[in-house]
1. So which helices (runs of 4 or more DSSP H) are wholly in segment 187-289 and hold at least 1 residues that are of a type in the set (Asp, Glu) and over 30 Å from residue 348 (Cβ atoms)?
2. Report those strands (runs of 3 or more DSSP E) wholly inside segment 294-382 carrying at least 1 residues which are among the β-branched types (Val, Ile, Thr).
3. If you take the residues of segment 516-551 that are part of a loop (DSSP other than H, G, I, E, B) and aromatic (Phe, Trp, Tyr), which of them is most open to solvent (accessible area, probe 1.4 Å)?
4. Out of curiosity, is residue 716 open to solvent by 70 Å² or more (accessible area, probe 1.4 Å), of a type outside the set (D, E, K, R) and under 23 Å from the mean Cα position of the chain (by Cα)?
5. I want to confirm something. Restricting to segment 272-295 and keeping residues that are within 26 Å of residue 372 (Cα to Cα) and crowded, with 16+ Cβ neighbours inside 10 Å, which single residue is modelled with the highest pLDDT?
6. Is one or more of the residues making up segment 699-714 basic (Lys, Arg), over 19 Å from residue 737 (Cα atoms) and touching an Asp or Glu at 6+ places or on another chain (Cβ under 6 Å)?
7. Suppose we filter 659, 646 for residues that are in contact with an Asp or Glu (Cβ under 6 Å, 6 or more places away or on another chain) and farther than 29 Å from residue 537 by Cα; which single one remains?
8. Among the residues of segment 627-656, count how many are open to solvent by 10 Å² or more (accessible area, probe 1.4 Å), among the charged types (D, E, K, R) and modelled with pLDDT of 95 or more.
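The values are calculated or read from the model by the stated rules, or taken from the named source; none is laboratory data. Fair warning: this is a prediction, and the values are worked out from it, not measured in the lab. Cβ coordinates were reconstructed from backbone atoms using ideal geometry, including for glycine residues, and neighbour counts include every protein chain displayed. These area figures cover heavy atoms from the full protein model, side chains too; ligands, DNA and RNA do not enter into them. Shrake-Rupley method; radii C 1.70, N 1.55, O 1.52, S 1.80 Å.
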Amino acid sequence: MKRIVLHLSLFLTLALSSLTFAQTDNDWFDFCPPWDDATPGTITDMSHLNVKPAGKNGYIQTKGDVFIESNTGDRIRFLATNTTAWHCFPDKAAAEKGEARMAKFGINLVRLHHMDNIWSIHTGSSIWKRDSKGALHIDPEQLDKLDYFVAQLKKHGIYVNINLKVSKEVSPADGFPKAIEELDKFKYHKRVDRFDRLMIEHQKKYARDLLTHVNPYTKLTYANDPAVAVVEINNENGLLGFTWGSIGAGLEKLPQPYLGDLQARWNDWLKTKYNSDTQLAKAWQDDTPIQSEPVFDAKSKWGLGTQGAAQGKLNQSADGPMHIAISKADGKSYHIELHRPNIHIQDDYSYVLSFKAKAASPRQISVSVMRDREDYRSAGLLKNIKLNTDWQDFEITFQGYKVDPGHTRLTFKMGQSDSDVWLDDVAITPGSKGIGLLDGESLAKGNVHIPTAFSEQQRKDWLSFLVDLETKFAREMRSYLKNDLGVKAMIIDSQINWGGMAGYEREKHMDYADVHTYWQHPHFPGKPWDRGNWTIENSSLINTWAQGKTGTLDKLAILRMMDRPYSVSEYDHSAPSEYNSECMPLLATIAATQDWDAIYSFEYGPWNSAKEQNRISQFFDHGSHPAKITFYPAAAVIFRQGALTPNRSEGVLQLADRPYLQADRVQDAWRKTDASLKATDVLSSRMGMQYATSPSQTKMRYDEMVPAQVTAGEPQIRKVDEGGIFTAFSDKAAVIAGQIGGESAHAGVLEIQCPTFEKNFGTLTLTAMDQKEITNSKSLLLTAVAQARNQDMTWNEYHNSVGKNWGHGPTQVLAVPGKVTIHSQSANKVYALDQTGNRDHEVTVKRVGKTITFDISGEHKTVWYELTE
């Protein structure tokens, strides 16, 4: 039997390699769907899915775990996108054409994002103008552009999601104290704007001015317009911090009077719980265990590790500081790491890391106590440190977390910059500082400090206080919008995982759950958003899954709350990755099989700029990116129409009351159970969390439901030599993506045999556009893309950045070459389509029984093939 398998494998390899598709640069061809094309009646025209005008069937509401139209009770899903800053203020001619094109590609919701930015007020990219004193006011001209934009969206059946607070920053000119200029560590005044009363009132005023204003083109206020599906209060914001880093930390860095305000609220909260200083001191007494053995192994030595193109050298004398001389940096912090291996720490024990540091020029490094093998997770400490040219003393308290004995190290990461670093007197001391009620503090004086080190109860109190405070803000804003302004739209405060598990407590008072994530978001090793100094990983999510590692969409699956609708309002695979063709098919497929309710690409891009209409201009373009936008018709069928059905298996994490006291983050909560978090397991089951209904449940519990018969075609990964091949299918749709070059891959009735080609990576979707089964459909759309690029786009030597060398349009596509076989009784003709979706020429088809076979390649100069009778 082994010999037979070997001979068959050899035969397939030879057969695939002999396919006559010798690819050269000629297989790249111009393909750029026009920014203003709304040609009706083509197979790629999905505008018929949109009820026009948006809101015709009533307001969008929630019913259980889905969105519905209030007048019909019918479920509605959203294939959505973002427009940001100046893209929210097009001129009228561009608005009329652009929105028709959005509808053609199946988009039925647009998120209006960064309208309130302060960085581009004078360039027509913000809703604000400043008065003579510098105060912010809504600009009537910009508001008129926004009104017309929204009216055009509504006309084409596209709803809107209005973001209230995203990137606004106020100043003393707006009536704030001078100290507001010192909030540089709190960008966009995040966290502070959730408790400072002046900032809250400023948010309310903006909401009132915008939402109660009558749009002259719809004759309705935004508060009453059924085309407004969502109002988001405060983007990516949580009083407890980000989704990463230390939950609840950093607020001690606030300047006065903001620090004093927060400390006063903290002391008032403590007084409601504790009757005396004695009671408080007893509750907060230091209960953290102290390790007796040394942390550093006397036999272990410091060592410098480099990866990729990064180069550095550790210079160390017997008595002097360590000097890390960096001769070459490639933008990735972990490509130059200083390690002290085999450190001895224990779970839940406290430690103090102390060291001195400086740099040749101002820069950032990170320090972590971490596992030294896959998955290289934090073992209790992960912190960014800013260095300058003078020596500084640092002292950081941390606790051991999920320690891997014998495989834990102290690591300084510094590969993002070529500025030399010096370190001295590095030590980790068992114990802690600053825990409990300190000398001179009392409830009566109201001077109990904002903690940075904690006993167990002290940390529970601090987190509970912060959760109470920000939940109060969220509920106050929701009440104001609903009751005072009469907003009919659904409302969320922020993204549910912002602030870790605490975000779930805040958002349970909102209408649904929303999250954001990006596959390989660009990294900026120097200045933030420096368009000339950035890198991306430039690798595939599918290949990551094939290696057994987690990615983005599998992580999104476990963030969901099962009792309410679920939305992903920012998602992208950043350009100019050579694997971007996987983005939209994967997003639509996982959203459909997980049974989510809204997916938003980030972002549609600069469609209203003549200069940028036919090229990929930056990381997040979708509208002008042919490896992304061309998959939207298929995504509309797969997700909006539900051509791929939800997984039948289910995994649910049952949350106890106040889960933020048991786990900082969602991933921590899942790890506390026996749930499997392997990406492949997550993709084949419908995943999420819910609050337990029984008050007797005090711990988190994982419940799994596996039906007797699993639905065929659920998402799966097949490992191949170069990575993986992803497949999913039903009787109405099929998806194949990954390292298909030199392979034969099939998904249900769709099969492709590919020769080797550039990168060997490509994506195909097959969708029945008449909602019939593929085998009987007379209207099928095959979309196939390998890569997309601009002309004269120039990669650096590491192939992880093009810097400012994005090139020019029109965009080009690399075809997927191969022999396609489809089981179809009704389709007999295949047409290669042009960039508007119209038929260009017929493709030769061979029928054998109930299957048809045809070749696809760059020769046809298309990504779209229409199959008909």
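1. 197-211, 258-273
2. 303-306, 322-328, 336-340, 350-359, 363-371
3. Filtering first and then ranking leaves 529.
4. yes
5. 295
6. Within segment 699-714 (the criterion being basic (Lys, Arg), over 19 Å from residue 737 (Cα atoms) and touching an Asp or Glu at 6+ places or on another chain (Cβ under 6 Å)), the answer is no, since none of the residues qualifies.
7. 646
8. 1
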